[in-house]
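Note sheet for the following structure.
The values are calculated or read from the model by the stated rules, or taken from the named source; none is laboratory data. The structure presented is a predicted model; accordingly, all values stated were derived computationally and were not measured. Neighbour counts run over all protein chains shown; Cβ positions are idealised from the backbone, glycine included. Surface accessibility is based on the protein's heavy atoms, side chains included, excluding ligands, DNA and RNA. Shrake-Rupley method; radii C 1.70, N 1.55, O 1.52, S 1.80 Å.
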Amino acid sequence: MAEDIKVIVFKLAKEEYGIEVDKVQTIERMLPITRVPKTFDFVKGVINLRGVVIPVIDLRGRFNLPENEYNDQTRIIIVEVDTTQVGFIVDSANDVVDLDRGRIEKPPEVVGGVKARYLDGVAKLDEERLLIMLNLAEVLNRSEVSQLENIED
Amino acid sequence: MDMNQYLNMFIDESNDHLQSLNEKMLELESSPADLGIVQVIFRSAHTLKGMAATMGFEDLAALTHQMENVLDLVRNEKLAMQEFIFDTLFKSLDALESMVQDITQGGEGKADVTAIVESLQAIVRGEMTPAAPAATVTATPTPSAVTADAEVVQESKGIQLDEFQQSVIEQSMSEGHQALYVEVFIREDCQLKAVRAYMVFDMLERFGEVIKSEPSTQDIEQDKFDRSFSLYYITQKDQDELKTMILGVSEIENVTMTRLDAESLKEMSAPANQSSPIAAETVSLEATPSTSAPVVEDKAVVAPPQAKAAAKSPVAAPSRTIRVDIDRLDVLMNLFSELLIDRVRLEQLASEVKVPALTDAVEHMGRVSSDLQNIVLKLRMVPVDTVFNRFPRMVRDLAKSLDKKLDLIITGAETELDRTVIDEIGDPLVHLLRNSVDHGVEPIADRIAAGKDETGVVKLSAFHSGNHVFIEIEDDGRGIYRDKILQSAIKKGVVTQEQSVTMKDEEVYQLLFAPGFSTAEVISDISGRGVGLDVVKSKISSLGGHVTVYSTPGKGTKFSVQLPLTLSIISAMLIRVGSEKYAIPLTSIVETGIIKSKQVRDLHGSQLIPYRETHIPLLSLSRVFEVPDFDEREEEETEIVVIRKGDKLAALAVENFIGQNEIVLKSLGKYLPDIQGVSGATILGDGQVALIIDPNAFIK
């Protein structure tokens, strides 16, 4: 039953997160971002990725974490889910690991402030390292976001 | 899996073949005797069959096979084309089209085509069972019709033949076969007439061919006949021999045989005298052949312009084009914009380094790349022909269902438009054409009463003019009556009585495009489907174009559609607001200017500025878009862009103008589908993304 998957590891605040490698198109250094008015706060704007205009989301903002200044380590991870392309701004991304799918456990209620429904599960890499697997479809779910916004209003 | 790579090719080519089949069939319809066209049709059908069979689409292959059989007879002059053969073949084409459509959408191209296959087979067998509803009329005549027929037969001495049957008989006579008119009488006490008749038929068919029998074979099989039946028969066998053989069947009372020559055939098969008292009843039965003949003649008369246009195409040089997936072109375009960005960087570097040789090289590269850019853009241009080519068929079917006579004259089909526009423009044009055919061109009787030619003319033309392409649809029909529109508009409360008096004709015509507005008094199956011209208008304006109507009551109507050459590249004014750059499409800009801040008046919370003789609202781009680092209220003078939506104006306050530029339109991606006031994005020379402003969103 063991099925190995490759996972891109990136950092956000103090936690390490993982996205399956086949959902990731490229990882870019910071690019000039053009602000798009009248959209969610965490949508930082759009970038020109080799001729294609792609919206970028600050993942910290998306998870309601305090936002950071961007630096040398900041990366934009371009993911594609159901033909929707989006860039995620993350603190850093510098690892690829092989993971046995069987080692991904159901997520605990709250992990580092990130709501459980954004998570696919948690994988234990070794004694010290926990990897939080993202549920991309939920992260990109706009309707849920607009509902949230309405509640907050 | 392996087949998949051929699937696209198959779909493209099938569509091509279907298109050419449709075109050629129309051509053939206007000159049915041209066997050259039949050859082309046959080859096309044959190729299609082969491809379909290779790809494993059996229904498709089977249907084309049946079509081929019919066409084969036609090209070998064993069968003359006729109205209902055309109808059946067109129906087959429609079926093929929907099958290919199904395959395109990932289906298996399966369809229930048994009805069509049957009628095709019937044509091949020479059983002229026209279109299904008509067939039931002819095949199972009501008792009264039978007697009517019988009497007609007596009057004209034989069974009536249609053109095709007649020509088959004539053909075989000229080939040395003998044609016989056979009458068989069955004994009165016969128990199983149908069986005896069947035996006679069975025997006859062994030695020749039964062209037509009266009553029809179907009726005979079902025992729907009296004591005798008669038939046309083609054979090589000796008359007397045949007679003995038929009499050899038990319970046959008598057989009479008449050998036919051309003259007696004509006499026998001539339709009954129209003045005969029962003829009125038969008229309905022979309606198909009798109306078809004049139509064909008419078409032949009008054919020359069409035929000329068609004659040109086979002479034209063999196609020197290749198919390119549109996505690949997009990739090419994207890569190219990358190159342009690098060029800008190189130019900057060269100006810093100041080495003449480098500057020269970079300049040269700049020239080459701008030429390249033009070519890349031109690659996306497609002749409007790709949209127009489906119209002749559509107009034909429409005219037929409305019982009108129509000529569609297409000019300027070679005019090129960007692929993005081409894809969108088809539906609006279909609407306008339908409108012209249905509401514009009058029924034949009305045309004659108005002293016009029976055949209406609809002209579809396309041409370039400046940075636009015009597509016009013009008919010589009844035109638009201003009063009628106004009456209807007043009734619906769109305009008031007072307004209506002062309205210009053009304004009145524009009312046609108001939602829910239809002047059609009778809702036919062509119009009155709940979609009106308002849909056409909104579609065309979404493409950045507009429609104008010209009309002379009693003389005709013209719809003129103006379209931008391309949607993916537009001229825009680049402006700056704080650190942000935006593009405003030139088409919606009236002018640019500067106003002093003291000219701005506040009125109920909104701002107005004087413009010409009136005041127009001033909108602050920095506030609408919440630009962080600019506010024009802090400035003494503000640059403004006056924008337009229809006849409404407004001014946008900006920081300054960068200049006019050709920009490539890009979408913001799926994640950000609709941002108010933003219609898309573009990539500037420096690689930055600039948002394109949608002025329509600013003017309510």
Task: Residue list for the stretch A:41-52, restricted to those being at pLDDT below 90 and away from chain B (no Cβ under 11 Å) - done: A:D41, A:F42
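Which residues, taken from the stretch A:21-54, are in a strand (DSSP E or B), touching a residue at least 40 places away in the same chain (Cβ under 8 Å) and either among the basic types (K, R) or within 20 Å of A:N135 (Cα to Cα) (or both)?
A:V24, A:Q25, A:T26, A:I27, A:R29, A:K44
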- [ ] For the stretch B:95-113, state whether one or more residues are in a loop (DSSP other than H, G, I, E, B) and either within 14 Å of B:E29 (Cα to Cα) or touching a Ser or Thr at 6+ places or on another chain (Cβ under 6 Å) (or both).
- [x] no
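Working only within the stretch B:581-620, note down all residues that are hydrophobic (A, V, I, L, M, F, W, C) and closer than 25 Å to B:A681 by Cβ.
Once the filter is applied, which keeps residues that are hydrophobic (A, V, I, L, M, F, W, C) and closer than 25 Å to B:A681 by Cβ, the stretch B:581-620 yields B:A583, B:I584, B:L586, B:I589, B:V590, B:L619.
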TODO: Name, by its number, the condition in (1) more than 9 Å from chain A (Cβ to nearest Cβ); (2) open to solvent by less than 70 Å² (accessible area, probe 1.4 Å); (3) free of Cβ contacts under 8 Å to residues at least 40 places away in the same chain; (4) in contact with a Leu (Cβ under 9 Å, 6 or more places away or on another chain) that does not hold for B:V678.
DONE: (1)
Task: A:T83, sole failed condition from (1) modelled with pLDDT of 85 or more; (2) surrounded by fewer than 20 Cβ atoms within 10 Å (Cβ to Cβ) - done: (1)
Open item on the list: Based on this model, can you work out whether B:K666 counts as within 14 Å of another protein chain (Cβ to nearest Cβ), buried (at least 20 other Cβ atoms within 10 Å of the Cβ) and either among the aromatic types (F, W, Y) or in contact with a strand residue (DSSP E or B) (Cβ under 8 Å, 6 or more places away or on another chain) (or both)?
Closed with: yes
TODO: Could you figure out which of (1) under 30 Å from A:L31 (Cβ atoms); (2) away from every other protein chain (no Cβ under 14 Å); (3) of a type outside the set (V, I, T) isn't true of B:E591?
DONE: (1)
- [ ] Tally the residues that are assigned to a loop (DSSP other than H, G, I, E, B) and open to solvent by 10 Å² or more (accessible area, probe 1.4 Å), restricting the search to the stretch B:605-626.
- [x] 4
TODO: Would you be able to say whether some residue in the stretch B:651-660 is under 46 Å from the mean Cα position of the chain (by Cα) and within 21 Å of B:Q676 (Cα to Cα)?
DONE: yes
Task: Single unsatisfied condition, B:K700 versus (1) more than 10 Å from chain A (Cβ to nearest Cβ); (2) in a strand (DSSP E or B) - done: (2)
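Over 25 Å from B:Q660 (Cβ atoms) and touching a residue at least 12 places away in the same chain (Cβ under 8 Å): is that true of B:H615 in this structure?
yes
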Task: Enumeration of residues in the stretch B:344-360 that are under 52 Å from the mean Cα position of the chain (by Cα) and open to solvent by 50 Å² or more (accessible area, probe 1.4 Å) - done: B:R345, B:L346, B:E347
Task: Residue list for the stretch B:594-633, restricted to those being hydroxyl-bearing (S, T, Y) and away from chain A (no Cβ under 14 Å) - done: B:S597, B:S606, B:Y611, B:T614
Open item on the list: Can you find a residue that is within 14 Å of chain A (Cβ to nearest Cβ), outside any helix (DSSP H, G or I) and in contact with a helix residue (DSSP H, G or I) (Cβ under 6 Å, 6 or more places away or on another chain) anywhere in the stretch B:634-641?
Closed with: no
TODO: At least 3 residues that are of a type in the set (A, V, I, L, M, F, W, C) and either farther than 30 Å from B:E636 by Cα or modelled with pLDDT under 85 (or both) in each: list the strands (runs of 3 or more DSSP E) lying fully within the stretch B:515-604 that qualify.
DONE: B:556-564
- [ ] Grab the strands (runs of 3 or more DSSP E) fully contained in the stretch B:361-447, keeping just those with 3 or more residues being open to solvent by less than 70 Å² (accessible area, probe 1.4 Å) and touching a Pro at 6+ places or on another chain (Cβ under 9 Å).
- [x] B:405-411
Task: Checking A:V24 against (1) modelled with pLDDT of 90 or more; (2) more than 9 Å from every other protein chain (Cβ to nearest Cβ); (3) open to solvent by less than 10 Å² (accessible area, probe 1.4 Å), the condition it does not meet - done: (3)
Open item on the list: Quick check on the stretch B:31-43. Is at least one of its residues charged (D, E, K, R), out of contact with any His (no Cβ under 9 Å at 6 or more places or on another chain) and in a helix (DSSP H, G or I)?
Closed with: yes
Open item on the list: Restricting to the stretch B:638-663, name every residue that is acidic (D, E) and surrounded by 12 or more Cβ atoms within 10 Å (Cβ to Cβ).
Closed with: B:E639, B:E655, B:E662
Task: In the stretch A:11-20, the residues that are part of a loop (DSSP other than H, G, I, E, B) and open to solvent by less than 60 Å² (accessible area, probe 1.4 Å) - done: A:A13
- [ ] Considering (1) open to solvent by 50 Å² or more (accessible area, probe 1.4 Å); (2) away from chain B (no Cβ under 14 Å), say which one A:K38 fails and leave the rest.
- [x] (2)
TODO: Kindly check whether there is at least one residue in the stretch A:53-75 that is among the β-branched types (V, I, T), more than 14 Å from chain B (Cβ to nearest Cβ) and farther than 23 Å from B:S579 by Cα.
DONE: no
TODO: Just give me the residues in the stretch B:448-468 being closer than 16 Å to B:R396 by Cα and assigned to a loop (DSSP other than H, G, I, E, B), in sequence order.
DONE: B:E454
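Got a number for residues in the stretch A:55-80 being in contact with a helix residue (DSSP H, G or I) (Cβ under 9 Å, 6 or more places away or on another chain) and either open to solvent by 10 Å² or more (accessible area, probe 1.4 Å) or not in a strand (DSSP E or B) (or both)?
The number of residues fulfilling the criteria is 8.
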